[in-house]
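Only one structure is covered here, and it is reproduced in the block below.
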Amino acid sequence: MLRKLTKLSTLKVRCELRSLSSLTQTSQNIFDRNAKRLQKERAALSENVGLYDYLKEEVGFRLADRVFDIKREFKAAADIGCSRGYLSKHILAESVEHLTLTDSSASMLEQAQGTPGLKMRKLVKDEETLDFEENSLDLVISSLSLHWVNDLPGCFANIKRSLKPDGVFIASMFGGDTLYELRCSLQLAELERKGGISPHISPFTQIRDIGSLLNRAGFTMLTIDTDELVIGYPSMFELMWDLKGMAENNAAFNRPVHLSRETMLAASAIYQELYAKPNENGVPATFQIIYFVGWKPGPNQPQPLARGSGEVSLKDLGNIIEKGGKLDTKAGD
(Lines give C-alpha, C1' and ligand atoms only; values in the text may rest on other atoms or scores of the structure.)
Protein backbone atom coordinates (compact mmCIF):
# COMPACT_ATOMS: atom_id res chain seq x y z
CA MET A 1 0.00 0.00 0.00
CA LEU A 2 2.79 2.41 0.91
CA ARG A 3 4.42 2.00 -2.51
CA LYS A 4 1.22 3.14 -4.15
CA LEU A 5 0.79 6.04 -1.75
CA THR A 6 4.31 7.34 -2.24
CA LYS A 7 3.41 7.89 -5.89
CA LEU A 8 0.69 10.22 -4.63
CA SER A 9 3.19 12.49 -2.91
CA THR A 10 2.63 15.15 -5.55
CA LEU A 11 -1.13 14.82 -5.36
CA LYS A 12 -2.75 17.96 -4.08
CA VAL A 13 -5.82 17.07 -2.08
CA ARG A 14 -8.37 19.82 -1.89
CA CYS A 15 -8.48 21.23 1.64
CA GLU A 16 -11.59 22.60 3.26
CA LEU A 17 -10.56 26.25 3.49
CA ARG A 18 -12.93 29.00 4.43
CA SER A 19 -13.31 31.08 1.29
CA LEU A 20 -14.27 34.72 1.32
CA SER A 21 -17.67 33.90 -0.16
CA SER A 22 -18.58 31.66 2.77
CA LEU A 23 -17.30 34.16 5.32
CA THR A 24 -19.53 36.91 3.98
CA GLN A 25 -22.65 34.86 4.72
CA THR A 26 -23.13 35.83 8.35
CA SER A 27 -25.96 33.33 8.88
CA GLN A 28 -23.75 30.33 8.09
CA ASN A 29 -22.36 28.59 11.16
CA ILE A 30 -19.33 26.37 10.58
CA PHE A 31 -18.18 25.84 14.15
CA ASP A 32 -19.98 24.54 17.21
CA ARG A 33 -19.18 27.27 19.73
CA ASN A 34 -20.51 25.28 22.67
CA ALA A 35 -18.30 22.31 21.75
CA LYS A 36 -15.30 24.62 21.54
CA ARG A 37 -16.12 26.06 24.98
CA LEU A 38 -16.28 22.55 26.46
CA GLN A 39 -12.99 21.60 24.80
CA LYS A 40 -11.33 24.66 26.35
CA GLU A 41 -12.83 23.85 29.75
CA ARG A 42 -11.49 20.29 29.65
CA ALA A 43 -8.06 21.48 28.56
CA ALA A 44 -7.93 24.13 31.31
CA LEU A 45 -8.88 21.63 34.02
CA SER A 46 -6.18 19.15 32.97
CA GLU A 47 -3.36 18.69 35.50
CA ASN A 48 -0.65 19.12 32.87
CA VAL A 49 -2.25 21.95 30.89
CA GLY A 50 1.01 23.90 30.96
CA LEU A 51 2.75 21.25 28.84
CA TYR A 52 0.75 22.28 25.79
CA ASP A 53 1.34 26.04 26.00
CA TYR A 54 4.52 26.06 23.90
CA LEU A 55 2.92 27.10 20.61
CA LYS A 56 0.51 29.72 21.92
CA GLU A 57 3.16 31.10 24.28
CA GLU A 58 5.49 31.71 21.33
CA VAL A 59 2.82 33.33 19.17
CA GLY A 60 1.61 35.45 22.10
CA PHE A 61 5.15 36.72 22.69
CA ARG A 62 5.59 37.62 19.00
CA LEU A 63 2.24 39.38 18.89
CA ALA A 64 2.99 41.37 22.06
CA ASP A 65 6.17 42.57 20.38
CA ARG A 66 4.01 44.20 17.71
CA VAL A 67 2.18 46.11 20.45
CA PHE A 68 5.49 47.46 21.74
CA ASP A 69 6.37 48.66 18.23
CA ILE A 70 3.61 51.27 18.52
CA LYS A 71 5.09 54.09 20.58
CA ARG A 72 1.91 55.02 22.36
CA GLU A 73 0.37 54.51 25.79
CA PHE A 74 -3.04 52.88 25.51
CA LYS A 75 -5.50 53.88 28.20
CA ALA A 76 -8.06 51.12 27.59
CA ALA A 77 -7.43 47.82 25.80
CA ALA A 78 -9.17 44.46 25.40
CA ASP A 79 -7.77 40.97 24.82
CA ILE A 80 -10.39 38.98 22.87
CA GLY A 81 -10.26 35.22 23.47
CA CYS A 82 -7.39 35.53 25.93
CA SER A 83 -7.33 31.81 26.83
CA ARG A 84 -4.71 31.33 29.60
CA GLY A 85 -3.23 34.80 29.17
CA TYR A 86 -0.64 34.16 26.48
CA LEU A 87 -0.74 37.86 25.57
CA SER A 88 -1.47 39.51 28.91
CA LYS A 89 1.63 38.03 30.54
CA HIS A 90 3.75 40.04 28.07
CA ILE A 91 1.81 43.34 28.09
CA LEU A 92 3.53 45.93 30.27
CA ALA A 93 1.82 48.57 32.38
CA GLU A 94 3.96 51.19 30.62
CA SER A 95 2.17 50.37 27.34
CA VAL A 96 -1.37 49.60 28.52
CA GLU A 97 -3.03 51.22 31.52
CA HIS A 98 -6.13 49.00 31.76
CA LEU A 99 -6.65 45.64 30.02
CA THR A 100 -9.96 43.77 29.79
CA LEU A 101 -9.62 40.01 29.30
CA THR A 102 -12.47 38.07 27.68
CA ASP A 103 -12.91 34.38 26.93
CA SER A 104 -15.79 31.93 26.59
CA SER A 105 -14.13 29.52 29.05
CA ALA A 106 -14.35 30.59 32.69
CA SER A 107 -11.58 28.15 33.70
CA MET A 108 -9.20 29.48 31.05
CA LEU A 109 -10.00 33.05 32.02
CA GLU A 110 -9.36 32.36 35.70
CA GLN A 111 -5.83 31.13 34.93
CA ALA A 112 -4.88 34.20 32.89
CA GLN A 113 -2.35 36.47 34.58
CA GLY A 114 -0.82 39.85 33.81
CA THR A 115 2.42 41.69 34.44
CA PRO A 116 3.09 43.69 37.65
CA GLY A 117 1.22 47.00 37.74
CA LEU A 118 -1.17 46.13 34.90
CA LYS A 119 -4.80 46.82 35.80
CA MET A 120 -7.01 44.00 34.56
CA ARG A 121 -10.67 43.06 34.39
CA LYS A 122 -11.95 39.61 33.39
CA LEU A 123 -15.22 38.96 31.54
CA VAL A 124 -16.64 35.58 30.50
CA LYS A 125 -17.77 36.49 27.00
CA ASP A 126 -17.90 34.76 23.65
CA GLU A 127 -15.95 36.32 20.79
CA GLU A 128 -19.12 36.27 18.68
CA THR A 129 -21.13 38.35 21.18
CA LEU A 130 -18.85 41.29 21.91
CA ASP A 131 -20.74 44.29 23.30
CA PHE A 132 -18.14 46.85 24.31
CA GLU A 133 -19.35 50.42 24.29
CA GLU A 134 -18.82 52.34 21.07
CA ASN A 135 -15.58 54.34 20.91
CA SER A 136 -14.44 52.97 24.28
CA LEU A 137 -11.14 51.20 23.48
CA ASP A 138 -7.76 52.38 22.25
CA LEU A 139 -6.45 48.90 21.49
CA VAL A 140 -7.95 45.46 20.77
CA ILE A 141 -5.68 42.40 20.67
CA SER A 142 -6.35 38.72 20.04
CA SER A 143 -4.01 35.76 19.72
CA LEU A 144 -4.99 32.47 18.05
CA SER A 145 -8.66 32.69 18.90
CA LEU A 146 -10.56 34.29 16.01
CA HIS A 147 -10.12 31.30 13.67
CA TRP A 148 -12.99 29.65 15.61
CA VAL A 149 -15.41 32.54 15.00
CA ASN A 150 -18.27 31.81 12.59
CA ASP A 151 -19.03 35.43 11.66
CA LEU A 152 -15.65 37.02 11.10
CA PRO A 153 -17.04 40.06 9.23
CA GLY A 154 -19.45 40.74 12.11
CA CYS A 155 -16.69 40.24 14.69
CA PHE A 156 -14.37 42.66 12.90
CA ALA A 157 -17.20 45.20 12.61
CA ASN A 158 -17.92 44.97 16.36
CA ILE A 159 -14.23 45.45 17.15
CA LYS A 160 -14.04 48.52 14.91
CA ARG A 161 -17.19 49.95 16.53
CA SER A 162 -15.68 49.57 20.02
CA LEU A 163 -12.42 51.28 19.03
CA LYS A 164 -11.91 55.01 19.38
CA PRO A 165 -10.91 56.97 16.27
CA ASP A 166 -7.27 56.13 15.45
CA GLY A 167 -7.58 52.99 17.61
CA VAL A 168 -5.70 49.87 16.54
CA PHE A 169 -6.62 46.20 16.17
CA ILE A 170 -3.72 43.71 16.41
CA ALA A 171 -4.33 39.97 16.14
CA SER A 172 -3.07 36.59 14.99
CA MET A 173 -4.87 33.60 13.50
CA PHE A 174 -4.03 30.19 12.13
CA GLY A 175 -3.79 30.34 8.34
CA GLY A 176 -4.92 27.97 5.59
CA ASP A 177 -1.68 25.96 5.40
CA THR A 178 -1.86 24.98 9.07
CA LEU A 179 -1.58 21.21 9.63
CA TYR A 180 -1.65 20.47 5.90
CA GLU A 181 0.45 17.32 6.55
CA LEU A 182 -2.09 15.91 9.00
CA ARG A 183 -5.03 16.93 6.81
CA CYS A 184 -3.69 15.27 3.67
CA SER A 185 -2.57 12.11 5.51
CA LEU A 186 -6.03 11.58 6.99
CA GLN A 187 -7.69 12.28 3.64
CA LEU A 188 -5.46 9.83 1.75
CA ALA A 189 -6.05 7.12 4.36
CA GLU A 190 -9.82 7.53 4.22
CA LEU A 191 -9.84 7.80 0.44
CA GLU A 192 -8.02 4.49 0.14
CA ARG A 193 -10.25 2.68 2.65
CA LYS A 194 -13.68 4.25 2.33
CA GLY A 195 -13.61 5.85 -1.09
CA GLY A 196 -14.27 9.33 0.34
CA ILE A 197 -13.01 11.90 2.83
CA SER A 198 -14.34 13.56 5.98
CA PRO A 199 -13.43 16.96 7.51
CA HIS A 200 -11.19 15.82 10.35
CA ILE A 201 -9.30 19.14 10.42
CA SER A 202 -11.24 22.36 10.96
CA PRO A 203 -11.13 24.84 8.05
CA PHE A 204 -8.89 27.88 8.32
CA THR A 205 -9.05 31.33 6.73
CA GLN A 206 -6.82 32.10 3.76
CA ILE A 207 -4.39 35.02 4.15
CA ARG A 208 -5.75 36.66 0.98
CA ASP A 209 -9.18 36.93 2.62
CA ILE A 210 -8.02 38.69 5.79
CA GLY A 211 -7.26 41.97 4.03
CA SER A 212 -10.62 41.95 2.25
CA LEU A 213 -12.48 41.32 5.50
CA LEU A 214 -10.62 44.08 7.34
CA ASN A 215 -11.27 46.52 4.51
CA ARG A 216 -14.92 45.58 4.48
CA ALA A 217 -15.12 46.26 8.23
CA GLY A 218 -13.67 49.74 7.66
CA PHE A 219 -10.09 49.35 8.90
CA THR A 220 -7.32 51.32 7.22
CA MET A 221 -3.51 51.26 7.01
CA LEU A 222 -3.48 47.46 7.08
CA THR A 223 -0.35 45.45 7.78
CA ILE A 224 -0.59 41.70 7.16
CA ASP A 225 2.23 39.19 7.29
CA THR A 226 2.56 35.46 7.77
CA ASP A 227 4.96 33.15 9.55
CA GLU A 228 5.36 29.39 9.63
CA LEU A 229 6.28 27.40 12.72
CA VAL A 230 7.35 23.83 11.99
CA ILE A 231 7.33 21.62 15.09
CA GLY A 232 8.58 18.04 15.25
CA TYR A 233 6.64 15.21 16.90
CA PRO A 234 7.54 11.55 17.44
CA SER A 235 4.50 10.53 15.39
CA MET A 236 1.08 11.70 14.25
CA PHE A 237 -0.48 10.47 17.49
CA GLU A 238 1.57 12.80 19.71
CA LEU A 239 0.59 15.70 17.47
CA MET A 240 -3.11 14.92 17.81
CA TRP A 241 -2.76 14.51 21.57
CA ASP A 242 -1.09 17.91 21.87
CA LEU A 243 -3.80 19.54 19.75
CA LYS A 244 -6.35 18.22 22.22
CA GLY A 245 -4.28 19.59 25.11
CA MET A 246 -4.23 23.01 23.41
CA ALA A 247 -8.03 22.87 22.95
CA GLU A 248 -7.43 23.07 19.20
CA ASN A 249 -9.21 19.84 18.30
CA ASN A 250 -11.94 19.87 15.67
CA ALA A 251 -15.11 21.81 16.50
CA ALA A 252 -16.84 21.95 13.12
CA PHE A 253 -20.50 20.98 13.04
CA ASN A 254 -19.86 18.42 10.30
CA ARG A 255 -16.96 16.72 12.07
CA PRO A 256 -17.16 12.91 12.07
CA VAL A 257 -18.02 11.28 15.37
CA HIS A 258 -15.66 8.34 14.97
CA LEU A 259 -12.33 7.68 13.30
CA SER A 260 -11.53 3.99 12.92
CA ARG A 261 -8.37 2.44 14.27
CA GLU A 262 -7.24 1.13 10.88
CA THR A 263 -7.65 4.57 9.32
CA MET A 264 -5.58 6.13 12.10
CA LEU A 265 -2.79 3.61 11.67
CA ALA A 266 -2.80 4.05 7.92
CA ALA A 267 -2.75 7.84 8.23
CA SER A 268 0.22 7.64 10.60
CA ALA A 269 2.13 5.47 8.12
CA ILE A 270 1.30 7.84 5.25
CA TYR A 271 2.38 10.83 7.36
CA GLN A 272 5.70 9.17 8.07
CA GLU A 273 6.23 8.15 4.46
CA LEU A 274 5.34 11.45 2.80
CA TYR A 275 6.54 14.10 5.23
CA ALA A 276 9.26 12.67 7.49
CA LYS A 277 12.68 14.11 6.73
CA PRO A 278 15.52 11.71 5.82
CA ASN A 279 17.84 10.72 8.66
CA GLU A 280 15.53 12.34 11.23
CA ASN A 281 13.20 10.74 13.72
CA GLY A 282 9.61 11.86 13.98
CA VAL A 283 7.40 13.93 11.70
CA PRO A 284 6.99 17.70 11.17
CA ALA A 285 3.78 19.69 11.65
CA THR A 286 3.36 23.11 10.05
CA PHE A 287 1.46 25.93 11.74
CA GLN A 288 0.89 28.98 9.53
CA ILE A 289 0.37 32.10 11.64
CA ILE A 290 -1.26 35.19 10.11
CA TYR A 291 -0.49 38.47 11.91
CA PHE A 292 -2.43 41.59 11.03
CA VAL A 293 -2.77 45.19 12.17
CA GLY A 294 -5.68 47.46 11.27
CA TRP A 295 -6.49 51.04 12.32
CA LYS A 296 -9.84 52.70 12.77
CA PRO A 297 -9.93 55.89 10.67
CA GLY A 298 -9.11 59.05 12.61
CA PRO A 299 -8.52 62.74 11.85
CA ASN A 300 -4.84 62.58 12.85
CA GLN A 301 -3.90 59.74 10.53
CA PRO A 302 -1.74 60.45 7.46
CA GLN A 303 -3.87 60.96 4.36
CA PRO A 304 -2.90 60.34 0.71
CA LEU A 305 -2.25 63.39 -1.44
CA ALA A 306 -4.67 64.36 -4.15
CA ARG A 307 -4.33 62.43 -7.39
CA GLY A 308 -1.97 64.18 -9.82
CA SER A 309 -0.25 66.30 -7.18
CA GLY A 310 3.09 64.49 -7.42
CA GLU A 311 6.11 66.54 -8.51
CA VAL A 312 8.49 63.70 -9.37
CA SER A 313 7.98 60.86 -11.84
CA LEU A 314 8.81 57.32 -10.80
CA LYS A 315 10.92 56.95 -13.94
CA ASP A 316 13.35 59.53 -12.46
CA LEU A 317 13.67 57.66 -9.14
CA GLY A 318 17.00 56.07 -10.12
CA ASN A 319 18.57 59.45 -10.89
CA ILE A 320 17.31 60.91 -7.63
CA ILE A 321 18.85 58.06 -5.62
CA GLU A 322 22.20 58.51 -7.43
CA LYS A 323 22.18 62.20 -6.43
CA GLY A 324 21.66 61.36 -2.78
CA GLY A 325 17.92 62.03 -2.78
CA LYS A 326 18.20 65.58 -4.03
CA LEU A 327 15.75 66.91 -6.61
CA ASP A 328 17.14 68.63 -9.68
CA THR A 329 14.73 71.57 -9.84
CA LYS A 330 16.60 73.19 -12.75
CA ALA A 331 15.95 70.22 -15.03
CA GLY A 332 12.25 71.06 -15.13
CA ASP A 333 12.79 74.74 -16.03
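The values are calculated or read from the model by the stated rules, or taken from the named source; none is laboratory data. Nothing here was measured: the structure is a model prediction, and the numbers come from that model. Note that each Cβ is placed from the backbone with ideal geometry, even for glycine, and that neighbours are counted across all protein chains shown. Note: areas computed on protein heavy atoms with side chains; ligands, DNA, RNA excluded. Shrake-Rupley method; radii C 1.70, N 1.55, O 1.52, S 1.80 Å.
Among the residues of segment 93-107, is there at least one that is free of Cβ contacts under 8 Å to residues at least 24 places away in the same chain and closer than 28 Å to THR205 by Cα?
Yes.
Being under 30 Å from GLU280 (Cα atoms) and in contact with a Lys or Arg (Cβ under 9 Å, 6 or more places away or on another chain), is that true of even one residue in segment 168-185?
Checked segment 168-185: at least one residue is under 30 Å from GLU280 (Cα atoms) and in contact with a Lys or Arg (Cβ under 9 Å, 6 or more places away or on another chain).
Mind checking whether some residue in segment 274-282 is part of a helix (DSSP H, G or I) and open to solvent by 70 Å² or more (accessible area, probe 1.4 Å)?
no
Which pairs turn up if I take residues in segment 42-68 that are farther than 16 Å from MET173 by Cα and look for partners that are open to solvent by 60 Å² or more (accessible area, probe 1.4 Å) and outside any helix (DSSP H, G or I) with beta carbon separation below 8 Å, at least 6 apart in sequence or on another chain?
As it stands, the answer is PHE68/LEU92, since those pairs meet every condition given.
Looking only at segment 126-148, which residues are outside any loop (DSSP other than H, G, I, E, B) and among the charged types (D, E, K, R)?
Scanning segment 126-148 gives GLU127, GLU128, ASP138.
Search segment 163-175 for residues that are over 11 Å from ILE290 (Cα atoms) and pair each with any residue that is of a type in the set (Phe, Trp, Tyr) and open to solvent by less than 10 Å² (accessible area, probe 1.4 Å) when their beta-carbon atoms are under 7 Å apart and the residues are at least 6 apart or on different chains.
Once the first residue is over 11 Å from ILE290 (Cα atoms) and sits in segment 163-175, its partners that are of a type in the set (Phe, Trp, Tyr) and open to solvent by less than 10 Å² (accessible area, probe 1.4 Å) give LEU163/PHE169; PHE169/PHE219.
Residues of segment 128-165 being over 25 Å from LYS89 (Cα atoms) and of a type in the set (A, V, I, L, M, F, W, C), which ones?
The answer is LEU152, ALA157.
Kindly indicate the residue of segment 66-76 that is within 19 Å of PHE132 (Cβ to Cβ) and more than 19 Å from the chain's Cα centre (by Cα) and also least open to solvent (accessible area, probe 1.4 Å) among those meeting that condition.
Once the filter is applied, the top-ranked residue is PHE74.
Are there any pairs with C-beta distances below 7 angstrom linking a residue in segment 244-266 that is over 15 Å from GLN187 (Cβ atoms) to a residue that is acidic (Asp, Glu) and assigned to a loop (DSSP other than H, G, I, E, B), with the two at least 6 apart or on different chains, and if so which?
From segment 244-266, the pairs are ALA251/ASP32; PHE253/ASP32.
Considering only residues of segment 235-273 that are in a loop (DSSP other than H, G, I, E, B) and polar (S, T, N, Q), which is farthest from the chain's Cα centre (by Cα)?
SER260
Here are LEU123, LEU92: which of them is out of contact with any helix residue (DSSP H, G or I) (no Cβ under 6 Å at 6 or more places or on another chain), in a strand (DSSP E or B), surrounded by fewer than 21 Cβ atoms within 10 Å (Cβ to Cβ) and among the aliphatic types (A, V, I, L, M)?
Residue meeting the stated conditions: LEU123.
I'm told GLY195 meets every condition in (1) touching a strand residue (DSSP E or B) at 6+ places or on another chain (Cβ under 7 Å); (2) at positive phi except one. Can you identify the failing condition by its number?
Just one mismatch for GLY195, condition (1).
Identify, by number, the condition in (1) farther than 25 Å from SER145 by Cβ; (2) modelled with pLDDT under 95 that ALA252 doesn't meet.
The failed condition is (1).
Taking the options GLY167, GLY85, GLY117, name whichever one is of a type outside the set (S, T, N, Q) and part of a strand (DSSP E or B).
Just one listed residue meets the conditions, GLY167.
Which condition number in (1) within 27 Å of ILE201 (Cβ to Cβ); (2) at pLDDT 95 or above is the one that SER162 fails?
(1)
Tell me which residues, restricted to segment 312-323, are free of Cβ contacts under 8 Å to residues at least 12 places away in the same chain and not in a helix (DSSP H, G or I).
Listed by number, the residues that qualify are SER313, LYS323.
Quick test of your reading of the structure: ASN250 fulfils all but one of (1) in contact with a helix residue (DSSP H, G or I) (Cβ under 7 Å, 6 or more places away or on another chain); (2) open to solvent by 20 Å² or more (accessible area, probe 1.4 Å). Name the failing condition by number.
Of the numbered conditions (1) in contact with a helix residue (DSSP H, G or I) (Cβ under 7 Å, 6 or more places away or on another chain); (2) open to solvent by 20 Å² or more (accessible area, probe 1.4 Å), the odd one out for ASN250 is (1).
Just name the residue that is modelled with the lowest pLDDT out of those in segment 207-223 that are open to solvent by 20 Å² or more (accessible area, probe 1.4 Å) and charged (D, E, K, R).
ARG208
Looking at (1) open to solvent by 60 Å² or more (accessible area, probe 1.4 Å); (2) in contact (Cβ under 8 Å) with a residue 40 or more places away in the chain; (3) among the aromatic types (Phe, Trp, Tyr), find the lone condition where TYR271 falls short.
Of the numbered conditions (1) open to solvent by 60 Å² or more (accessible area, probe 1.4 Å); (2) in contact (Cβ under 8 Å) with a residue 40 or more places away in the chain; (3) among the aromatic types (Phe, Trp, Tyr), the odd one out for TYR271 is (1).
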